[in-house]
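Trainee: This is the structure I have questions about; it appears just below.
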Amino acid sequence: MTKLERVRNYTLQYVIYTYGLFVLLLITLGGAATTLLHGTPLVMRWLTAITAWTSTYVFLLMFRKLYPDSTVKEFYKKMFRPRISMRLLMATTSIQMLIFVSSLYMVSTRKGVSMAGMLDLSSTTVLSALFFTLIQGATGEETGWRGHVLPVVGQTYGETRSSLIVSVLWSFWHAPICFVGTGYHGSALLQYIIAFIICIVSLGYCMSICFYRCRNLLVPIWMHFTFNFLGELFEGPMVELVTWYAVFYFLVAAGTFALNARTRQRSVQGGVSGYS
């Protein structure tokens, strides 16, 4: 077995273990949080923070198998060493804020209320959102999914397909949350699940492509943070926001795909022209 084949096998195990541990933690800790701690909003937020790090827990436990010739310190130095493009950060931040405002506008128009009435910008909410967003998915998930799985899958399938594959895996990894943390049932739950998957796949694809552009893990972490933080400020029906998120993030992902394909085509044509 070659080194690449061994890494692929271990990475497949990593994905399976990450799925399994996430479900296990949700069941055990979720049950304890509900029965013993009465499932208060604060308790559930800590539950989310703890379970969000599942992919990192598994990554650290499997690190010696995944990177036998490296150390955790060297891995993270490699992930954060490349120069960050401020232009890329500003562009992604602006687009995400535009998506949030556009989605907020659509929901407020549909509900017949003001946009400001669907936001909680109190200092308590903002500070709480900052704290929990920092210790949840943005920092807890990207090491495993974008830092490890994406480059490994990319060695076989290339940038575009690996970005899509990892984004699908990442979105379905979140699926149990739809049943545990939303409170929706019936058609509302079905709408939320479909919209959530489309939204997360689209967001994940854009995050992955941006990571490929600079190879610095801070970029997907920042995009993930921005996505979660803005959602924390919303006070309206989450199913409505996620539905419009799905629409706008899908459009951005489609545009990213088209732009990326065009860039690759120009690169190929330029290489052929230069050779001849």
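Trainee: For the residues Val242, Val43, what sequence is obtained by ranking on other C-beta atoms within 10 Å, fewest first?
Mentor: Val43, Val242
Trainee: Kirkwood Rh, the chain, all Cα pairs: how many Å?
Mentor: Roughly 20.0 Å, rounded to one decimal.
Trainee: Sort His174, His148 by Cβ crowding within 10 Å, fewest neighbours at the top. Don't skip to the answer; put the middle values down first.
Mentor: Values: His174 16, His148 27.
Result, fewest neighbours first: His174, His148.
Trainee: If you don't mind, another one. Do any trypsin sites (Lys or Arg not before Pro) in the range 1-109 lie in a DSSP loop with no more than 15 other beta carbon atoms within 10 Å, and if so, which?
Mentor: Here the sparse-neighbourhood loop sites are Arg83.
Trainee: So if I place +1 on the C-beta of Lys and Arg and -1 on the C-beta of Asp and Glu, and nothing else carries charge, what would the dipole magnitude of the range 3-265 be about its Cα centre? I want it in debye, nearest 20.
Mentor: Details: 20 positive and 10 negative charges, 213 e Å.
Magnitude of the dipole: close to 1020 debye.
Trainee: Sticking with the crude label model, points 7 Å out along Cα→Cβ, report the distance from Leu12 to Gln155 in nm, one decimal please.
Mentor: Each label point is offset 7 Å from its Cα along the Cβ direction, giving 1.5 nm.
Trainee: Could you work out the relative contact order of the range 3-265? I mean the mean sequence separation of Cα pairs under 8 Å and 6+ apart, divided by the number of residues, in percent.
Mentor: 26
Trainee: Oh, and also: Neighbour counts of other C-beta atoms within 10 Å: give me Cys210, Cys178 arranged from fewest to most.
Mentor: Lowest count first: Cys178, Cys210.
Trainee: Any idea how far the Cα center of the range 129-143 sits from the one of the range 12-44, in Å?
Mentor: Taking the Cα centre of the range 12-44 as reference, the centre of the range 129-143 is 16 Å away.
Read-outs: derived from the displayed coordinates by stated rules, not from any lab. Fair warning: this is a prediction, and the values are worked out from it, not measured in the lab. Positions of Cβ are backbone-derived with ideal geometry, glycine not excepted, and every protein chain shown enters the neighbour counts.
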